Structures are given as structure tokens and as C-alpha cells.
Amino acid sequence: MKTTTHHVARSSDRQPVAVAVKGLAKNFGIQPVLTDINLAVTPGEIFAIMGPSGSGKSVLLRQIAGLDLPTAGTVRVDGHDPADPDTRDRYALALVFQAGALFNSLTVYDNLALYPLEHRLCPKPEIRDRVMRALKVLSLEGALHKFPSELSGGMKKRVAVARALVMEPQLILFDEPTSELDPVMAATISEIIATLRQHISVTTVVVTHDRDLALTIADRVAILMKGRLVSVSTPAALRALPDPAVQDFLNPKIDLQNPRFKHLEISS
Amino acid sequence: MKSIVTETCDGIGSAIILAWRAFASLPTAPRIIKRVVEQAYLGSYTSLPIVGILSFFIGAVLALQAGITMADISMQEMIGTLVGESMTRELGPVMVAIILAGRVGSATTAELASMKVYQEVDALVTMNIPPERFLVLPRLLAVLLFMPFLVTVGIVIGWIGGAVVCHYVQIIDVSPEIYFRSLRQYLSTTDFTHGLIKSEIFGFVVVLTACNTGLRTRGGPREIGASVTRAVVISLILILVLDFFVTKLLA
């Protein structure tokens, strides 16, 4: 895999942070979505969370981001509550949403410059440099003055990643970063996630369906099924895990003779 | 499903908290000046034509209805006072607030609700940019700035509408000089102040309701439409209910 070099600099006093999830449960009404989740992400680690659709991956990510309160249990980022604005301020937590969540009334430049501008992190010329560097990494220089409505789904995703890079976070959370992207751009995003920690020393949590992404770049992979963690292991250990449900998820077989599809026949 | 009482209490409570949080970030106001100006422009300048047209015809209809009756008892010289007082104390602020609810309030709710549904508000939260400061405060400050201006324009155009009708409708036949003399004779600065106080209260309530309803939206595109309808209906009810109590308080 080709390594992309980028230059998003950060101050030396900022270090990657640990994430600790203990006994986490989340219910929507009476419906349990997450049950007894225990995780420990070490500083600087790339931690992937995989699982079938509806298994609660994105809900777990929102809990780690402090966007939703848990029904039970705790989430701590470097020992602090991620829902606390002081924690967000201190560690610059970044979340790359699945659909981008770009501000539609702002141009791409303004979307990227918003965080440093609002927090008055540096002078405007420096903010511009940061933004331009992030755009260059994601090959988005041409989109500078465009509005999100003028971008394709894949471009929006890349702008969202660029926006997170500009924040120079100590913890970055990705929700399906390669969905809607073509294979080349998906590989570029994978490279960026993999090399990010070398450049800005960051802890990364990635929620994904993309087996190649998770098994290639992650230090450890958690498998979430029906709201429960069934495995947390290295990619190599995961491949050898003798759990049929996990192996079925990782290596799905296409069965063209599946008798279930007989129902698709149109009766004459 | 929540009862209507619980839902109402929830809504009032969250609106109060929203206003509190928005004004708690007032010290950061200098950095939102650009957005305040932008919101003030959107709310006032673009509403001017409709405020002008409606106010003109409200003044005209008022003068016509009152004029026909007053002509029967030869009191048409007092039409200026009637139109002036009604427009200044009551119809100007109420009509502009209703226009605000239909135009600015609905647009605000739709924008904030879609930002909520499409996770833009979540993105702000993760970036540690309080939505109350970024989205709500500029709108509240803007409406407090432009409402007196918009209502003053509405009131003056309403007076002119009344004057035009009095001059051109033969049954009434009151010259603009008599009309405006009568208007000036009984209209005081207190009347005008009361009108402006009402306009500030109504404007604030309409925009706060719009922001609160938008940010409380859950679900998908269908809920955005439902939120807009809810915000406009709540605003209209609040304008009329508050109108009674504010009038009573100022009387």
C-alpha cells in the first residue's frame, strides 16, 4: 500500500489519549442496543469496531464521542467524561460522521476553518495554511470554494476527514470512513488513518464494515454482534478465531443456490 | 407516548434552558457579529416587502371599516386617531410578529431541524462549538435588533394605508391633513413605546420557539416538516396569548 505523506502539524505537548469503556449499556426505550460493553483503547492505537448492520457500532461510537448518555456504565477519555465540554476542549475529540455532517451553509473552506476560528487557535494566515494542507492531503484543492451541496458523496466524506485533520485531535473517531468511496479513494483514506498517528500522534477508533480496512490498518479489532462484544483481538488472531459467527461475518459466502431465493420467482 | 401536558412542559423547559445557554455565551458576542448582521438582513430586509404590503392593507381596511361607521355619526375626523392607535399599539406588532412566525420562524425551524437530523448539530457539539452560541444567539440578537425597525415601518405604512383610503373613498372623505392631525393629537410616545415593547417580546418568543422546536427535532425528513408546522402554530398561539397579558400589563 502506498504511503501518503501529509503535513498536519500539532503542538508537541499533545499526546494520544486512552479510551476506557466499562459496563456500557444503551437502551432505546425498552429496546437494548448495547449490553455490557468493556473496552480499553490504548494511547496511539488504531482500534477498529466491526459488526453486521444494526449491531450497535455507530451507537457505541456516539457514546465514545460523548454525544449520547449511556443507560449504564461509563466512557472515559484519558479518565475524563467525553460529554464534558472541558474534555472536548482539552483533547480536541474529532468525529468523522458517516454522511459527512458538513455545514451546508458554509463553503468547504469555511467548514474546515470553523474549528480553529471559533476556538481562536491561531492567526488567520496559519488557519489558512492548516486548511490548505488538509485539503491537499485529501486531493480537494479544487473544492475550496464549493458548498457541500455541490459535492459528491465521496467528496463530502473526504471533506469531513479533512475537517477532522484541521482540528489536530488527540482522539479521532471514524464512522464508516470508506463507505460510498471508490476503491482508490477508500485506499487513500485507509492510508491516511494508518499514517495519521505518525504525524499527529492520535488515538483512532474506526467503526467500519470494510474488512480490508479493519484487518489491514487496525492494531486490534473488536467484533460487535447484537449489541454485545464477541471478540477483541489483533487482526491475525481474529482471522484464526474459531467462532463460526465471526468467521461467517468476516468471510461471507455467496450461495447462488440458496433455496430462500426461490421466492423471487415470478409466478406465471 | 408523552401526554400533551408533559410535552408542553418539556418544550417550555427546554426553551428556557436554550435561552439561558444562548445568553450565557453573550460575552463571546463580538465573534458572532457577522452572523448577527447576516440574520438581521435575512429577517428584516427580505421581510420588508410583505410587511409593507400587509401593513398598508391592514391600515386601509381599518380605515374603511371604521370610516363607514363613523361617517354615519359624522365622526370621521377621528379616523386618524383610531387607525394610529390600533396600528401602533396592537396591529403593527401583532401582524409583523405573525409575518415573522410564518416567514423567519418557519425557515429557522426548517434549517435547524435539518441540521439536527443530518447531524450537523452533533458535528458542532463534537467540535465543542455550542449550538446555542453558534446557531441560537445570533438569531435572538438579530431579532431584537430588527423587530423595532420592522414594526416601525409596518406601523407607518399602515397609517399611510389609512390615509389613502380616507382621502380616496368618497363616503369617508377625510383629507390627509385632517387624518394626520387627528393621529398626532392623541398618539403619544407611550403608545409607540408599548408597541415596540410588544414587538421585542413577540420577536424574541417567535425566534426562540423556532430554534427550540428545530433543535428538538428527532427522526428524518418527515419530522422536519412536522417541526415547522408545530413551531408556526405554537408561535401564533403564543403571540395572541402574550398579546393579551402584555396589553394588560402595560395598560
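The values are calculated or read from the model by the stated rules, or taken from the named source; none is laboratory data. All values reported here derive from a predicted model rather than from experimental measurement. For neighbour counting, all protein chains shown are included, and Cβ atoms are generated from backbone atoms with ideal geometry for every residue, glycine included. For the accessible areas, the whole protein counts, side chains as well, though only heavy atoms, and no ligand, DNA or RNA atoms are used. Shrake-Rupley method; radii C 1.70, N 1.55, O 1.52, S 1.80 Å.
Descriptive notes on the structure:
- Qualifying residue in segment B:56-79 (condition: under 18 Å from B:P131 (Cα atoms), among the acidic types (D, E) and in a helix (DSSP H, G or I)): no
- Selection of segment B:4-45 for residues being free of Cβ contacts under 8 Å to residues at least 12 places away in the same chain, of a type in the set (S, T, Y) and under 17 Å from B:V143 (Cβ atoms) yields B:Y41, B:Y45.
- Against the criterion of being free of Cβ contacts under 8 Å to residues at least 60 places away in the same chain, within 14 Å of chain B (Cβ to nearest Cβ), within 24 Å of A:T188 (Cβ to Cβ) and not hydroxyl-bearing (S, T, Y), A:L138 does not qualify.
- Strands (runs of 3 or more DSSP E) contained entirely in segment A:14-90, each with at least 3 residues that are within 21 Å of A:D175 (Cα to Cα) and open to solvent by less than 40 Å² (accessible area, probe 1.4 Å): A:19-28, A:31-41, A:46-50
- Across segment A:175-188, a minimum of one residue is classified as surrounded by 11 or more Cβ atoms within 10 Å (Cβ to Cβ), at positive phi and not in a helix (DSSP H, G or I).
- Residues of segment A:96-112 that are facing another protein chain (nearest Cβ under 9 Å) and open to solvent by 20 Å² or more (accessible area, probe 1.4 Å): A:Q98, A:A99, A:N104, A:S105.
- Candidates are the residues of segment B:91-143 that are open to solvent by 10 Å² or more (accessible area, probe 1.4 Å) and small (G, A, S); the one that is nearest to the other protein chains (Cβ to nearest Cβ) is B:S114.
- Subset of segment A:196-211 [outside any loop (DSSP other than H, G, I, E, B) and open to solvent by 10 Å² or more (accessible area, probe 1.4 Å)]: A:R197, A:Q198, A:H199, A:R211
- Hits in segment A:115-126 - residues which are within 14 Å of chain B (Cβ to nearest Cβ) and surrounded by fewer than 22 Cβ atoms within 10 Å (Cβ to Cβ): A:P116, A:L117, A:E118, A:H119, A:R120, A:L121, A:K124
- Residues considered: A:M167, A:M132, A:M155. Of these, the only one that is within 20 Å of A:T203 (Cα to Cα) and either open to solvent by 40 Å² or more (accessible area, probe 1.4 Å) or within 14 Å of another protein chain (Cβ to nearest Cβ) (or both) is A:M167.
- Residue within segment B:148-168 that is at pLDDT 95 or above and within 14 Å of another protein chain (Cβ to nearest Cβ) present: no
- Count of residues meeting criterion [among the aliphatic types (A, V, I, L, M) and within 26 Å of B:F192 (Cα to Cα)] in segment B:208-251: 12
- Qualifying residue in segment B:68-76 (condition: surrounded by fewer than 19 Cβ atoms within 10 Å (Cβ to Cβ), closer than 19 Å to B:H167 by Cα and hydroxyl-bearing (S, T, Y)): yes
- Being in contact with an Asp or Glu (Cβ under 9 Å, 6 or more places away or on another chain), over 26 Å from B:P138 (Cα atoms) and open to solvent by 60 Å² or more (accessible area, probe 1.4 Å) holds for only one residue in B:R181, B:R216, B:R222, and it is B:R181.
- Residues of segment A:60-95 satisfying the condition of being away from every other protein chain (no Cβ under 13 Å) and under 25 Å from A:K156 (Cβ atoms): A:L60
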